[in-house]
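Here's the structure, in structure tokens; my notes come after.
The values are calculated or read from the model by the stated rules, or taken from the named source; none is laboratory data. Just so it is clear, the structure is predicted and the values come from calculations on it, not from any experiment. Note that each Cβ is placed from the backbone with ideal geometry, even for glycine, and that neighbours are counted across all protein chains shown. Heavy atoms of the whole protein, side chains included, go into the accessibility calculation; ligands, DNA and RNA do not. Shrake-Rupley method; radii C 1.70, N 1.55, O 1.52, S 1.80 Å.
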Amino acid sequence: MTQESHDHNFKNLLLDFPEETLELIMPEVLQEWGAVRHVEFVRQEPKKRKLSDSHLVLDMPILFTFDRHQLLLWLVEFQEDKSKFSIYKVLHYTADLMEAHPKAVVIPTVMFTDRKEWRKDVTRELESKFADETFLQFKYVFVKLFDFNARDYFDVANPVVKILLPKMNYTPEERWEVIRQAYIGLF
């Protein structure tokens with residue numbers, strides 16, 4: 001499967017199952033704010049600072065409306081190549097979304113889907129402070145699918161989790177069962 005077709009399939013998954021995606025990434029939101037009243041998919045391509053900037057592999061802002069709250073879950077996926085990840089780009093795009101949706105809580109989320117051990121981690125938080133003053137603190141929801149054991153999610157009913165099983169960690173002997181479970185989730 002090419003990177004482009006994988007991204008397209010992943011976008012379709014999120015379009016079909018936005019609430020299940022929220023349940024996977026931030027289940028505490030549903031517990032605290034209750035049922036989702038409305039779901040809207042907003043601008044898909046973040047604006048670039050310069051024309052030469054590369055685009056993000058997947059940019060899927062989903063605006064959830066609850067009775068008294070709005071939450072914008074911004075999902076960015078970097079498939080197979082964490083070396084292109086920049087927390088500074090995520091910070092810029094998050095600020096742009098905050099400006100465009102001032103009433104919403106914006107939750108940037110980065111999902112790494114490469115199926116291998118990492119020698120070096122990615123930057124997960126930025127902070128700028130002096131003395132007792134914090135001028136900037138930024139972090140995002142970090143999801144590295146390979147850190148999850150696929151077999152632990154065979155009985156989960158969430159279709160998003162099921163379809164992501166092949167990107168999780170499993171032994172070569174478990175491969176066919178993982179694929180079978182993913183297909184069960186798909187259908």
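Is there any pair with a first residue in segment 114-135 that is under 21 Å from His92 (Cβ atoms) and among the charged types (D, E, K, R) and a second that is open to solvent by less than 100 Å² (accessible area, probe 1.4 Å) and part of a loop (DSSP other than H, G, I, E, B) whose Cβ atoms are under 9 Å apart and which are 6 or more apart or on different chains, and what are they?
Cβ pairs passing all conditions: Arg124/Tyr140; Glu125/Tyr140.
Counting only residues that are farther than 28 Å from Ser83 by Cα and under 18 Å from the mean Cα position of the chain (by Cα), give me the strands (runs of 3 or more DSSP E) lying completely in segment 101-187 with at least 1 of them.
Answer list for segment 101-187: 105-112.
Has segment 82-96 got any residue that is among the acidic types (Asp, Glu) and either surrounded by fewer than 10 Cβ atoms within 10 Å (Cβ to Cβ) or under 17 Å from the mean Cα position of the chain (by Cα) (or both)?
no
Please determine whether any residue of segment 122-135 is loosely packed, with under 10 Cβ neighbours inside 10 Å, at pLDDT 90 or above and touching a Ser or Thr at 6+ places or on another chain (Cβ under 7 Å).
yes
Would you be able to tell me the number of residues in segment 97-121 that are of a type in the set (S, T, N, Q) and open to solvent by 50 Å² or more (accessible area, probe 1.4 Å)?
As a first pass, look at segment 97-121 and keep what is of a type in the set (S, T, N, Q): 109, 113.
From what is left, the residues that are open to solvent by 50 Å² or more (accessible area, probe 1.4 Å) are none.
Of the residues in segment 97-121, 0 are of a type in the set (S, T, N, Q) and open to solvent by 50 Å² or more (accessible area, probe 1.4 Å).
Residues that are of a type outside the set (Lys, Arg), assigned to a helix (DSSP H, G or I), in contact (Cβ under 8 Å) with a residue 60 or more places away in the chain and under 28 Å from Phe66 (Cβ atoms): does segment 79-95 have at least one?
Among the residues of segment 79-95, not one is of a type outside the set (Lys, Arg), assigned to a helix (DSSP H, G or I), in contact (Cβ under 8 Å) with a residue 60 or more places away in the chain and under 28 Å from Phe66 (Cβ atoms), which makes the answer no.
Give the number of residues within segment 167-179 that are out of contact with any Phe, Trp or Tyr (no Cβ under 9 Å at 6 or more places or on another chain) and crowded, with 16+ Cβ neighbours inside 10 Å.
Of the residues in that region, 2 qualify.
Can you pull out the residues in segment 165-187 that are over 17 Å from Lys144 (Cα atoms) and aliphatic (A, V, I, L, M)?
Scanning segment 165-187 gives Val178, Ile179, Ala182, Ile184, Leu186.
Take the residues of segment 67-81 that are modelled with pLDDT of 90 or more and under 14 Å from His101 (Cβ atoms): which is most open to solvent (accessible area, probe 1.4 Å)?
The qualifying residue most open to solvent (accessible area, probe 1.4 Å) is His69.
In this structure, is Phe138 free of Cβ contacts under 8 Å to residues at least 40 places away in the same chain and open to solvent by less than 30 Å² (accessible area, probe 1.4 Å)? Can you show your working first?
Working: free of Cβ contacts under 8 Å to residues at least 40 places away in the same chain: no; open to solvent by less than 30 Å² (accessible area, probe 1.4 Å): yes.
For Phe138, the condition - free of Cβ contacts under 8 Å to residues at least 40 places away in the same chain and open to solvent by less than 30 Å² (accessible area, probe 1.4 Å) - is not met.
Being aliphatic (A, V, I, L, M), over 19 Å from Tyr140 (Cβ atoms) and at pLDDT 90 or above narrows it down to one of Val105, Val29, Val36, so name that one.
Exactly one of Val105, Val29, Val36 is aliphatic (A, V, I, L, M), over 19 Å from Tyr140 (Cβ atoms) and at pLDDT 90 or above, namely Val36.
Can you pull out the residues in segment 143-174 that are among the basic types (Lys, Arg) and under 16 Å from Asp114 (Cα atoms)?
Passing the criteria: Lys144, Lys167.
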